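Encoded as structure tokens, the structure appears first; notes follow it.
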Amino acid sequence: MKQLLAFIHKEFLHVFRDPKTMLLLFGLPIAQILLFGFALSNEINHSNVIVIDYAKDVASRSIIEKVRASENFDLYDVLDDHHMIEEVFKRGETKMAIVFPSNFNEDLVHGGYTEVQLITDASDPNTATTLVNYFNMLLLGYQSEMYQDQQMPMNIQLSLRNIYNPELEGTTNFVPGVMALVLLLVCVLMTSVAIVKEKELGTMEILLVSPFNPFMVIISKVIPYLFLSIVNLIVILALSVFVLNLEIAGSIILLFGVSILLILAALSLGILISNVTNNQQTAMLISLMGMLLPTLMFTGFMFPIENMPKFLQVISNIIPSTWYYIIVKNVMIKGLGFESIWKESLILAGMTTFLLLVSIKKFKIRLS
Amino acid sequence: MWDIFLQSINKSYTESGEKAVNDVSLHVEEGKLFGLIGPDGAGKTTLFRILTTLILADSGTASVGGYDVVKDYKVIRKSIGYMPGRFSLYQDLTVKENLRFFATLFNTTIQDNYGLIEDIYKQIEPFNDRKAGKLSGGMKQKLALCCALIHSPKVLFLDEPTTGVDAVSRKEFWGMLKNLKSKGITIMVSTPYMDEASLCEEIALIQEGNIMSVNTPDEIIAQYPDMLYAIKSPGMNQLLQELRKSELVATANSFGEYHHITFSKQGSMELLLKSLHRSDVEMKPIRPTIEDCFIHLMTHE
């Protein structure tokens, strides 16, 4: 036990004395969260929109006027026929189309209720949502201006249609994605490099020729990074809540529980990589290629999985972060409990156990 | 009985079967200071790694202190000290941290074994808080030796401890080894420096994975079959070429200040001096060095 503690202490010294490691460990997650955070909250100005006006009455015209006057929108074109919308979208000239139905003003004044249809290009779901929000605000402004003296409530409802990505899956929930990415990256990269470093420097030889159990080498490598990853997780969550104003809807304990599952899976992967490589560069390369790319591609936080070809969707199933992403989204964003994520958790736990067993089995008690 | 046995050990790293170690058998008695002498790539490190249970031999058996290196590797790992060829301590930890870490690893403390390392440790103690990576070559060596000794091992394996160390530190280092030997530790040390061979009690000359001779340094020198002469004259390179061309000379090798030569026929000294057509030639009979023996054995394999 004393040996283990001494070893863990030594590992921490390695980390704290290497500025590069510290930067990677804590700089990376902070940079990513902030980068994604501000990419998300960035204002969109002068976005091209098209208008299809079937009404051509007072109300529709004044709303179009407001759109024209808005900083956020540039009125690209006013069309007569919604069949032309698709073509304009395909050319990528606009992100949103506003459709006023005929009898717009009449319905509003006499019936107190009407609808405006918004069609958005949601292949970039982020922009689409932002544009819809801008228009909604503009519409509310119009309503309160025009009808503030009237007793009868006037109501313009928005009817939304997203084309290309109807579920609006994607960047809206980027925090779970960044969490998966950072945890995987840090854990896999750090552990594999930490173990391979001992091989490269030759200290592994001395460690092996000692009464210290080789498995203890692994355990003492894993514990510091487990601890540091949890610190990282806290930093990410704190940044999300306090800087990006994201609310954690579900149970924090549950969130940490599944995160530790993913961290363990990643640490096992790191050990596995360290077993098959002999120098730090290779370990780093494999970790990056094996972790960063698939996580970016397949967890669905950059590109929605639903929109991928079938065989890529199948591949995404074997990547732990895919499941982690689903779990975190459910717990953190939707605030669901364990009953909604037990299946995914079970799969993740299975993967973790499998990786852990393989990495222990593959660990060498000798040099070659 | 902490002795070392190697019986018909073979080891090759490549699929093609080129042997790093070829049918090596050795016995090192308890308490001996044993030297493994040979150039780089002779297979010294491979033998060390087999004995320290780090790699498995392809065939043959080996034991340390009566424990088999394959079956009883755990016992061996507890009772030996090993200093690999490359400096293998944590460069980002200080002298003290390194020493304390290895002490704890072996379930002991610096205080418990202070007696054994005292002489060596005293010399690096002033640098206690310096990072190991910032030490000089000789200092690193001393620290590594301290770390290998911290658990008072029965057998000490030192793989090329003096490579890359200055002459003064090398001399000091061998002094320390003598000291340790007097405390009853069996020491196996390897070196590519032939001049260090005479500092061992017993040596094995190894070349391309083959043991050429095992004996005391004096015995090995005594077994040198020819009369050996040292010869010196201005223009040494030219001289060496002339000597090698001469039919009177059997072998001629450069040894720093002098060339060492043997004759193909006894008593050709005068003849050679005449044939060289040089005025200021100095020639004298000498006692062979281990290097002469090594070259002799190498060419007569």
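Structure notes:
- Peptides A:98-105, A:350-357, B:100-107, A:189-196, ordered by how many other C-beta atoms sit within 10 Å of their residues on average, highest first, read A:189-196, B:100-107, A:98-105, A:350-357.
- Evaluated with a Cβ-only charge set (Lys, Arg +1; Asp, Glu -1), the stretch B:228-299 carries a dipole of roughly 140 debye about its Cα centre, given to the nearest 20.
- Under the span-like rule (Cα at least 15 Å along the axis, Kyte-Doolittle mean at least -0.5), DSSP H helices of chain A: A:2-17, A:28-41, A:58-69, A:125-146, A:174-201, A:214-242, A:252-276, A:342-362
- Signed unit charges on C-beta, dipole axis of the stretch B:228-299, positive-most listed residue B:LEU271, B:ASN237, B:TYR258: B:LEU271
- Counting only DSSP beta bridges whose two residues both lie in chain B, roughly 65 percent are antiparallel.
- Comparing A:GLN313, A:GLN143, A:GLN280 in a Gaussian network model of chain A, where Cα atoms under 10 Å apart are tied by springs, the biggest mean-square fluctuation is seen for A:GLN143.
- Dipole magnitude of the stretch A:43-163, debye to nearest 20 (Cβ charges: Lys/Arg +1, Asp/Glu -1, about Cα centre): 140 debye
- For the stretch B:171-204 versus the stretch B:221-239, the inter-centroid distance based on Cα atoms is 27 Å.
- Placing a pseudo-label 7 Å from each Cα along the Cα-to-Cβ vector at A:GLU247 and B:ASN179 gives an inter-label distance of 7.2 nm.
- Residue mean of other protein chain beta carbons inside 10 Å, B:101-107: 6
- When the C-alpha to C-alpha distance is required to be over 24 Å, the pairs from B:LYS32/B:LYS131; A:LYS362/B:LYS131; A:LYS2/B:LYS74 that qualify are B:LYS32/B:LYS131; A:LYS362/B:LYS131.
- Computed from the C-beta positions of A:HIS9 and B:LYS71 and an R0 of 51 Å, the FRET efficiency is 0.90 to the nearest 0.05.
- Within 10 Å of the Cβ of each residue in A:200-207, the mean number of Cβ atoms contributed by other protein chains is 6.
- The Cβ shell under 14 Å around B:MET236 holds other residues with a net charge of -1, Lys and Arg each +1, Asp and Glu each -1.
- DSSP-defined antiparallel bridges as percent of all bridges, the stretch A:1-145, nearest 5: 25 percent
- A Gaussian network model of chain B, with springs between Cα atoms under 10 Å, assigns the largest mean-square fluctuation among B:ASP40, B:ASP280, B:ASP166 to B:ASP280.
- When peptides B:244-251, A:3-10, A:179-186, B:186-193 are ranked by their average number of other Cβ atoms within 10 Å per residue, the highest-first order is A:179-186, B:186-193, A:3-10, B:244-251.
- Approximate spin-label separation B:SER264-A:GLU93, in nm, with each point projected 7 Å along Cα-to-Cβ: 9.9 nm
- Distance from the C-alpha centroid of the stretch B:34-65 to that of the stretch B:249-301: 34 Å, rounded to the whole angstrom.
- Rough spin-label spacing in nm, given labels placed 7 Å along Cα→Cβ, for A:THR353 and A:HIS110: 6.9 nm
- Net charge, B:ASP195 excluded, C-beta distance under 11 Å - Lys, Arg +1, Asp, Glu -1: 0
- Dipole magnitude for the protein assembly as shown: about 2260 debye, using +1 per Lys or Arg Cβ and -1 per Asp or Glu Cβ, origin at the Cα centre.
- Förster radius 45 Å - calculated FRET efficiency between B:LYS131 and B:ALA222, Cβ distance, rounded to 0.05: 0.40
- Neighbour net charge for A:MET332 - beta-carbon separation under 14 angstrom, K R +1, D E -1: 0
- Choice from B:LEU47, B:LEU26, B:LEU158 showing the highest fluctuation, given a GNM over chain B with Cα pairs closer than 10 Å: B:LEU26
Values quoted throughout were computed directly from the atomic coordinates according to the rules given, and no laboratory measurement underlies them. From a predicted model like this one, the values you see are computed outputs, not experimental measurements. In this analysis, Cβ positions are derived from the backbone assuming ideal geometry, glycine residues included, and neighbour counts consider all displayed protein chains.
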